[in-house]
């Protein structure tokens, strides 16, 4: 078979696309509108020049108004006295007594615990306990026998108030340690 030289042959001509749109012909410069704009601009300029150079018409002597009293010269150098300001809210705020009515916390007879995970292996539970210890909290690992085998639960507590348990849970959530559930201590 003969060798073909495609380099010398060159590129094939490009085929025209099917959806070719014809460009609208370019319109000529609108000479008529340019002349109209120039005439209007010249007329406006002449009107301003005429207003600035012409003198106002004189009124007849019979129509002139004579002031009854001569005007008093204004004194621009005098400044009115500074007004005296009276502030009373500063003393009111210093002597104000605020009373707040707060609902008393419900104190439960049973303490609370917080569980932050249940794991199949003791090593996973130790890892979670170490992560909690890095946050400055002390946790314990409780072993429990369930239907599916031995579980290692990581618990914190006991807490006398639920609010204290929620405070620690929020601190652990900010550190990325979740989910933690709060229950009554058994």
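The values are calculated or read from the model by the stated rules, or taken from the named source; none is laboratory data. The model shown is predicted, which means the values in this text are computed figures rather than measured ones. Positions of Cβ are backbone-derived with ideal geometry, glycine not excepted, and every protein chain shown enters the neighbour counts.
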| request: Among the numbered conditions (1) surrounded by fewer than 17 Cβ atoms within 10 Å (Cβ to Cβ); (2) touching a residue at least 12 places away in the same chain (Cβ under 8 Å); (3) over 39 Å from the mean Cα position of the chain (by Cα), tell me where residue 161 comes up short. | output: (3)
| query | Does residue 135 qualify as being modelled with pLDDT of 90 or more, within 17 Å of residue 176 (Cβ to Cβ), more than 38 Å from the chain's Cα centre (by Cα) and surrounded by 12 or more Cβ atoms within 10 Å (Cβ to Cβ)? | reply | no
| message | Scan the stretch 91-110 and tell me whether some residue there is loosely packed, with under 12 Cβ neighbours inside 10 Å, in contact with a strand residue (DSSP E or B) (Cβ under 8 Å, 6 or more places away or on another chain) and in contact (Cβ under 8 Å) with a residue 24 or more places away in the chain. | response | yes
| message | Being in a loop (DSSP other than H, G, I, E, B), exposed (fewer than 10 other Cβ atoms within 10 Å of the Cβ) and under 51 Å from the mean Cα position of the chain (by Cα) is the filter here; which residues of the stretch 23-46 pass it? | response | 23, 24, 25, 26, 27, 29
| message | On the basis of being under 35 Å from the mean Cα position of the chain (by Cα) and either assigned to a strand (DSSP E or B) or surrounded by 12 or more Cβ atoms within 10 Å (Cβ to Cβ) (or both), does residue 168 make the cut? | response | yes
